[in-house]
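Everything on this sheet refers to the single structure shown next.
The values are calculated or read from the model by the stated rules, or taken from the named source; none is laboratory data. No experiment lies behind these values; they were computed from the predicted model shown. With ideal geometry, Cβ positions are generated from the backbone for all residues, glycine too; neighbour counts draw on all protein chains shown.
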Amino acid sequence: MYEGIVQDLIDELGRLPGIGPKSAQRIAFHVLDAEPADVRRLADVLTEVKDKVRFCVVCGNVAEAEKCRICADPRRIETVICVVEESKDVVAIERTREFRGRYHVLGGAISPIEGIGPDELRIKDLMTRLADGTVGEVIIATDPNLEGEATATYLTRLLKPLGLRVTRLASGLPVGGDLEYADEVTLGRAFEGRRSVDD
C-alpha cells in the first residue's frame, strides 16, 4: 500500500481490463518516472478519445464521425454482414483482407452469469438493418467460447426464419497445432467443420 495519490493511480490502473495489481503498480511507477511532457501527451490523448470517439450509428463500430470508415466506404459489399462481439474483432478480421462486406458490432455476448441477455446487445439494431431485404448473408463471428456459442445459437434461431443465409466462422485446430494438445470441444469442432480434399 502506498500513500495518497500514488495508491489512487495504482487503483485506477488496476480497474483496466487485463491489468492486475502488479502491472498497475509497474505502470504507475513508469508514469512517475516519465517526463512531464510524455504524461501530459498521454492525458491529452485519453481526454481527446473520450471527447471525439463515438460509435457508428449504422454498425456500432468505433468512429470519429457519425459513420465509421467501413460503413462510409461505398466499395464495401452491402449484401453481407459479419456480426462480431466487439470493435476489436472488426480490426482482427480487417487484418486478414479476406472480408469485403459490412459489420455489425453487438457490444458483447450473451452471458447470463454477468446478467447480459439479448436485450443488452445490439440485436434489435441488427434486425432493423436486415428489414429492408438488402442483406442476403449474415456471418456470425462471435468468439468460440461458451458466451460466443450461446450468442451464435440465439442469432441463428432468430435469423433463419428471415430466409437469410446464416453462416458461422469455421473453428477447430490451429495451423501448427498438435492433436494431442487439443481439447475435446476444439477437436469436435474440427471434425464437424471438415471439408473435402481437392485433387
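Out of the residues in the range 144-169 that are out of contact with any helix residue (DSSP H, G or I) (no Cβ under 8 Å at 6 or more places or on another chain) and part of a loop (DSSP other than H, G, I, E, B), state the one that is surrounded by the fewest Cβ atoms within 10 Å (Cβ to Cβ).
Here the residue is Gly163.
Which one of Val105, Val83 is surrounded by 13 or more Cβ atoms within 10 Å (Cβ to Cβ), in contact with a Cys (Cβ under 7 Å, 6 or more places away or on another chain), under 22 Å from Leu158 (Cα atoms) and among the aliphatic types (A, V, I, L, M)?
After applying the criteria, what remains is Val105.
With (1) surrounded by fewer than 12 Cβ atoms within 10 Å (Cβ to Cβ); (2) in the same structural domain as Lys124 (by TED's automatic domain parsing); (3) not β-branched (Val, Ile, Thr) as the list, and Glu94 as the residue in question, which single condition is left unmet?
(1)
Is it the case that some residue within the range 50-57 is closer than 20 Å to Asp132 by Cβ and surrounded by 13 or more Cβ atoms within 10 Å (Cβ to Cβ)?
The answer is yes, given that some residue of the range 50-57 is closer than 20 Å to Asp132 by Cβ and surrounded by 13 or more Cβ atoms within 10 Å (Cβ to Cβ).
Here are some residues: Thr96, Thr79. Which one is β-branched (Val, Ile, Thr), under 30 Å from Asp132 (Cβ atoms) and modelled with pLDDT under 95?
From the options Thr96, Thr79, the qualifying one is Thr96.
Take Val45 and tell me if it is aliphatic (A, V, I, L, M), modelled with pLDDT of 95 or more and either within 28 Å of Arg95 (Cβ to Cβ) or in contact with a Leu (Cβ under 8 Å, 6 or more places away or on another chain) (or both).
Criteria met by Val45.
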